[in-house]
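Report on the structure given below.
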Amino acid sequence: MTAYFAAATVLIAALAPLIVFSARAAAEDGLVALNLGGTIATLVFLVLAEATERQPFFDLAVVSAVLSFAGGLAYARFLERWL
Amino acid sequence: MTAVLVWILLTVGVLAALAGVVGVLVAGNVYDRLHFIGPAGIFGPVCLALAVVLDEGPFSQAGLKSILVALLLLALSPVLIHATARAAYVRERGGLELPREEPDE
């Protein structure tokens, strides 16, 4: 097991409490957990790409960085205006 | 030497992310929670991207893309934190106006 696989394992395990928290907490607290979860998911893609030495996974990390931002922003505006 | 540096960078990056998770879980309110996303969104991407760059070289495809990911997260994370804080404030107070102070008699 390389260092990258170990890092990916720990990061994926760190996502679990965030998922539970965002499902049970108030909406704005859940949004905070979602923001951090998006960042950690992007880091997981980055580390897994290096661990498996597959170049397309790096593209996943780039797309995840942009889309987690867009998703979080959409949720924030939705919470602010309509919910 | 490079392997040791990579291990150290990966450890620091993962610990920053874990500290952010613990902070989000134990903080008292939404504004306190937002403070803990900052270190996770800065040290995590920078350390992990540096580890990949050390392994693959800065001008390889993997190195360039990891630098791009780190720069994207560094640039976009503060914007997202600001938008979340603004949404929480508007939900709490009903608008963006500051509370009006009563003039002293």
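Any read-out appearing in this document is the output of simple, stated calculations on the displayed coordinates, not a laboratory observation. Small disclaimer: the values here were computed from a predicted structure and weren't measured. Ideal geometry is used to build each Cβ from the backbone, glycine not excepted, and the neighbour counts take in all protein chains shown.
Scan the stretch A:46-67 residue by residue and report those that are more than 8 Å from every other protein chain (Cβ to nearest Cβ) and assigned to a helix (DSSP H, G or I).
Residues satisfying the conditions are A:Leu48, A:Ala51, A:Thr52, A:Pro56, A:Phe57, A:Leu60, A:Val63, A:Ser64, A:Leu67.
Which one is surrounded by the fewest Cβ atoms within 10 Å (Cβ to Cβ) among residues in the stretch A:71-83 that are without any contact (Cβ under 8 Å) to a residue 12 or more places away in the chain and farther than 16 Å from B:Gly41 by Cβ?
Among those residues, the one meeting the criterion is A:Trp82.
Tell me, please, whether a residue that is more than 25 Å from B:Leu71 (Cβ to Cβ), surrounded by fewer than 19 Cβ atoms within 10 Å (Cβ to Cβ) and of a type outside the set (Asp, Glu) can be found in the stretch A:37-52.
There is no residue in the stretch A:37-52 that is more than 25 Å from B:Leu71 (Cβ to Cβ), surrounded by fewer than 19 Cβ atoms within 10 Å (Cβ to Cβ) and of a type outside the set (Asp, Glu).
Among the residues of the stretch A:24-45, what is the count of those that are more than 7 Å from chain B (Cβ to nearest Cβ) and either in a helix (DSSP H, G or I) or in contact with a His (Cβ under 8 Å, 6 or more places away or on another chain) (or both)?
Result for the stretch A:24-45: 9.
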